[in-house]
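Step one of this worksheet: look at the structure below.
The values are calculated or read from the model by the stated rules, or taken from the named source; none is laboratory data. Everything numeric here is computed off the predicted structure, so don't read it as measured data. Here the Cβ positions follow ideal geometry from the backbone for every residue, glycine too, while neighbour counts run over all protein chains shown.
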């Protein structure tokens, strides 16, 4: 537990931006340290100052890469589940969580099959779970309203590019910043519009792992943050225009002939993210961290509506992103073990 003095040193009443400005006078450094909050999809002008600790996590503790890509985590978990005798149903959409009183009794699949369960864990975000999987429960709509303070984080336009050259100036992780961070955050978070001078992230895993691209070529993961979807939003008409904004900026900032070098391209829009993952508003990182609206907290892993319903994913603690979501699964498993007095199993994933 932290002492009162330690808690006060975390500037609990300040925004992340206010604390960043306490320590840095240079606007470029302020922008760099402020932008680390986008790892959880929030605004430094809204998020609590305690999240300045993200700088220590990223720059002090360092970042790790999974050889072969993040999907190796899923493959390792699948291997472990098989060793434990767990049956995994792939490509099996769930229609509804069935209930009786204050308990979940199981699930109904889209094909009409029913499965009973002692515990239900939803990997769909909490709000869409109540909205869609529990829509027939009398109290689900009220529960959704109570969670309205947990707004979705930013979404993103993602370009997966295979290029026929290597950009020596790129590292594994790269940021191309906007000229005016305050205007960029205001446009995205307050006005709900796309920024025409966006900050762009490029990940090049082939810099650390040559197996990720053919010799002499590179794989570019290009991410630009955009507002979450509002009712009726459709990126079909906007996708190509905003793609050009992004690629033109990257070429202007030194990635010469980028567009003519593309051999492979796959695009994810906010609509794709919402459809594929059921993410609220196409959110990438779950729910936004806002010191005024939700105190910087996430949605509890334990359902407030059903005693044996639990959540994992970006909308619960500790937040969005593959590492954090993986931890959320561990924390939820610990909560279930505690509630049902189940001894924790110790087994390595290999």
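Going residue by residue through the range 62-71, is there one that turns out to be farther than 27 Å from residue 294 by Cβ, outside the structural domain of residue 21 (by TED's automatic domain parsing), under 20 Å from the mean Cα position of the chain (by Cα) and in a helix (DSSP H, G or I)?
Looking through the range 62-71, at least one residue is farther than 27 Å from residue 294 by Cβ, outside the structural domain of residue 21 (by TED's automatic domain parsing), under 20 Å from the mean Cα position of the chain (by Cα) and in a helix (DSSP H, G or I).
Yes or no, residue by residue, for (1) over 23 Å from residue 330 (Cβ atoms); (2) not in a loop (DSSP other than H, G, I, E, B):
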position: 264; (1), (2): yes, yes
position: 267; (1), (2): yes, yes
position: 272; (1), (2): yes, yes
position: 276; (1), (2): yes, yes
position: 284; (1), (2): no, no
position: 290; (1), (2): yes, no
position: 293; (1), (2): yes, no
position: 297; (1), (2): no, no
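Which residue, of 189, 175, is surrounded by 16 or more Cβ atoms within 10 Å (Cβ to Cβ) and closer than 27 Å to residue 289 by Cβ?
Of the residues listed, the single one that is surrounded by 16 or more Cβ atoms within 10 Å (Cβ to Cβ) and closer than 27 Å to residue 289 by Cβ is 189.
Kindly list the number of the only condition in (1) modelled with pLDDT of 90 or more; (2) assigned by TED's automatic domain parsing to the domain that holds residue 22 that fails for residue 51.
(1)
Residue 267 passes all but one of (1) surrounded by 21 or more Cβ atoms within 10 Å (Cβ to Cβ); (2) modelled with pLDDT of 95 or more; which number fails?
Every listed condition holds for residue 267 apart from (1).
Which strands (runs of 3 or more DSSP E) sit wholly inside the range 97-202 and have at least 2 residues that are farther than 21 Å from residue 44 by Cα and outside the structural domain of residue 243 (by TED's automatic domain parsing)?
Answer list for the range 97-202: 103-109, 114-116, 120-122.
Conditions: (1) over 25 Å from residue 318 (Cβ atoms); (2) buried (at least 20 other Cβ atoms within 10 Å of the Cβ). Residue 114 meets all but one. Number of the miss?
So residue 114 meets the others, but not (2).
Does the range 203-246 hold any residues that are over 23 Å from the mean Cα position of the chain (by Cα), without any contact (Cβ under 8 Å) to a residue 40 or more places away in the chain and part of a helix (DSSP H, G or I), and which are they?
Once the filter is applied, which keeps residues that are over 23 Å from the mean Cα position of the chain (by Cα), without any contact (Cβ under 8 Å) to a residue 40 or more places away in the chain and part of a helix (DSSP H, G or I), the range 203-246 yields 207, 210, 240, 241, 244.
Answer with yes or no whether residue 244 is more than 30 Å from residue 59 (Cα to Cα) and modelled with pLDDT under 95.
no
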